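Scroll down for the structure; my scribbles are underneath it.
Values quoted throughout were computed directly from the atomic coordinates according to the rules given, and no laboratory measurement underlies them. Small disclaimer: the values here were computed from a predicted structure and weren't measured. Here Cβ is always computed from backbone atoms with ideal geometry, including for glycine, and neighbour counts include all displayed protein chains.
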Amino acid sequence: MEDSYSGAIDAAVQAISDLSALTPRIAMVLGSGLGALADQVLTGDHIPYSEIPGFPHSTAPGHAGKLVLGAFEGRPVVIMAGRVHLYEGYAAKEVVFGVRVMRALGADTLLITNAAGGVNLEFEQGVLMLISDHINLTGQNPLAGRNDPHIGVRFPDMSDVYTPELRALARDVAGELHVTVAEGVYLGLTGPSYETPAEIRMARVIGADAVGMSTVMEVIAAHHVGMQVLGISCITNMAAGISPVKLTEGEVLEVAARVHDQFAAVVRGVICRLPEKTGMVVT
């Protein structure tokens, strides 16, 4: 099982390399309604997931389902325009397959985004939240099963999963652009049902500022293989029991589209300040 999984990653990397000569240094995963950023990649190779062997297909609204490789702000990037989720029926290892493939292609920094519900009562709809930490309540972990010591340790420390230097860089960029950003803890649940008001009250008690159905699996896998991580949540709605209206996917996509330009400007600013030869932050 594990050998076939590693073989599937190798096969996907080979197929992508046959279609694109680029060696990416920065990987991005774009969440609900935020995938248009991939269209700003210059002279890029756009590869549908269906053309990559073993690559899970996106079925969620607002997820294009393609891999884009090219130059973005002068940096070689690989972008997942659309992700897969546990609620689509995928196993945790399938959810993180794309991140592991992007790391195998050469990316050492991950910028990951999502649309999330606001739990913190001080948040407003449309604010961008830099993720400082997460709470994994999905009941799943992509590292379960046999560990490959060549990839990462059996029991990885999770103290600084979201790279502090990248968060500081994003705060500086946002400040220069006059874009208001918050910072907080993201709580990951399985979905697809939205949370109940009681669950949101619990989330606030245990320290969550935002809640969603993605991100934690990919970030655990990225950290395991030594990638630096910047996570950004777009607070597309206030969570159940806070918002006076019922939650809908349409509202999520509408708000994500409305703040896309601000989000894209922050991402561009972060990427253009990373060293040219690598995605690693200079400290």
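If you keep only loop residues by DSSP, which GluC sites (Glu not before Pro) in segment 93-128 have at most 16 other Cβ atoms within 10 Å of their Cβ? Write down the numbers at each step before the final one.
Values: sites: E94, E122, E124; in loops: E122, E124.
Within segment 93-128, the qualifying GluC sites (Glu not before Pro) (loop, at most 16 other Cβ atoms within 10 Å) are E122, E124.
In the chain, once you exclude exposed trypsin sites (Lys or Arg not before Pro) (DSSP loop, at most 10 other Cβ within 10 angstrom), what's the longest stretch remaining?
Values: sites that count: R146, R154, K246, K277.
Formally, the longest exposed-site-free interval is 1-145.
Separation of segment 47-117 and segment 135-187 by C-alpha centroid, Å?
For segment 47-117 versus segment 135-187, the Cα centre distance is 16 Å.
Based on DSSP H runs of at least 4 residues, each adding -39500 (n - 2.57), what is the mean residue ellipticity at 222 nm of the chain after dividing by all its residues, to the nearest 500 deg cm²/dmol? Mind showing how you got there, number by number?
Numbers: 8 runs with 86 residues, N = 283.
Calculated at 222 nm, the ellipticity per residue is -9000 deg cm²/dmol.
Using a 7 Å offset from the Cα along the Cα-to-Cβ direction at both L19 and E254, what is the distance between the two label points in nm, to one decimal?
Each label point lies 7 Å from its Cα, and together they span 3.5 nm.
For a distance above 32 Å, tell me the whole-number percent of Cα pairs in the chain that qualify. Let's see the in-between values first.
Numbers: 7019 of 39903 pairs.
Counting pairs separated by more than 32 Å, the tail of P(r) holds 18 percent.
Multiply the residue gap between E165 and I206 by 0.36 nm, knock off their C-alpha separation, and tell me the result in nm, one decimal place. Each step should come with its number before you reach the end.
On the way: separation 41, 0.36 × 41 = 14.76 nm, distance 2.56 nm.
Result: 12.2 nm gained on full extension.
Can you divide the C-alpha Rg of segment 64-106 by 2.2 N^0.38 Å and report the result to two decimal places? Kindly include the intermediate steps, with their values, before the conclusion.
Values: Rg = 11.9 Å, N = 43, 2.2 N^0.38 = 9.2 Å.
Compactness ratio reported: 1.29.
Nearest 5 percent is fine: what portion of the DSSP beta bridges confined to the chain is antiparallel? All intermediate terms of the calculation are to be shown ahead of the outcome.
On the way: 17 of 48 bridges.
Approximately 35 percent, going by the DSSP bridge assignments.
Rounded to whole Å and sorted largest first, what semi-axes of the equivalent ellipsoid does the C-alpha gyration tensor of segment 81-198 yield via the square root of 5 times each eigenvalue?
Numbers: eigenvalues 138, 85, 38 Å².
Three semi-axes, in Å: 26, 21, 14.
Determine the principal axes of the Cα atoms in segment 1-149, then give the extent along each, sorted from largest to smallest and rounded to whole angstroms.
Each principal axis gives a Cα extent; for segment 1-149 these are 48, 39, 28 Å.
With an 8 Å cut-off on Cα pairs and a minimum separation of 6 or more residues, tell me the relative contact order of segment 185-283 in percent. Intermediate results must be reported in sequence, preceding the final value.
Working: 70 pairs, mean separation 23.8, N = 99.
Taking the mean separation of contacting Cα pairs over the length of segment 185-283, I get 24 percent.
Which number do you get for Rg(Cα) / (2.2 N^0.38 Å) in segment 162-283? Write out the running numbers ahead of the final one.
Details: Rg = 16.0 Å, N = 122, 2.2 N^0.38 = 13.7 Å.
For segment 162-283, the normalised Cα radius of gyration is 1.17.
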